[in-house]
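Remarks on the structure that follows.
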């Protein structure tokens, strides 16, 4: 991934931390998608050890605590991690600040999970990232991914052309600052094929966790 874009993407989420929860609640479509994904996730488990990548302010961490005994939550933005800790208090969560493009799994987990993160991984880095995720899931464990496969109207309005095609977006904050980040809408079938090649048993409908 381009060094400058990667760091600008991290800078965006650091700067957006205080606005993140508000922006996630602004759309009825997003709230509906969250409810559906939460219900599907709750059908998995229970799990002993859960890995959450790009945990943000802990919205999904709170859901994972209902199916996991202990959560390891990673994010590149310390501001996001601080808000998650405030939100979840003394819950059994280990927080780690980590650039996920540099991160390497230190142990296998029963469930690896990330929401709204895969679309921030550029195509040229996708295979390397999924390989790392594969190593983080123990044999018999699960991987659950929730993300967009098609852009909404507001996504189309902020798309930006790059050398690799329309894989960038320009995201504004309330103070007027604008950041360029990666935003890719991966084809579900192509993604399922990639995961199957890594040894995951992928359900026909990409609305459930895949196991291995």
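In whole Å, what is the distance between the alpha-carbon centres of segment 45-115 and segment 163-203? Their Cα centres are 20 Å away from one another. Label sites at residue 18 and residue 104, each approximated as a point 7 angstrom past Cα along Cα to Cβ, lie 3.8 nm apart. Give me log10 I(q)/I(0) at q = 0.17 Å⁻¹ for segment 6-97, Debye formula, one equal scatterer per alpha-carbon, no solvent. Here log10 of I(q) over I(0) equals -0.76. By the count of neighbouring beta-carbon atoms within 10 Å, fewest first, 57, 72 end up ordered 72, 57.
Residue separation times 0.36 nm, minus the C-alpha to C-alpha distance between residue 35 and residue 196: what's the value?
Details: separation 161, 0.36 × 161 = 57.96 nm, distance 2.68 nm.
That pair, residue 35 and residue 196, stretches by 55.3 nm at full extension.
Provide the gained length on full extension for the span residue 174 to residue 79, in nm with one decimal, where the gain is 0.36 nm per separating residue minus the Cα-Cα distance. List each step's numbers first, then the result.
On the way: separation 95, 0.36 × 95 = 34.20 nm, distance 1.69 nm.
The residue 174-residue 79 span can extend by a further 32.5 nm.
Read-outs: derived from the displayed coordinates by stated rules, not from any lab. Keep in mind it's a predicted model, so treat the numbers as computed, not measured. Every residue, glycine among them, receives a Cβ derived from its backbone with ideal geometry; neighbour counts consider all protein chains shown.
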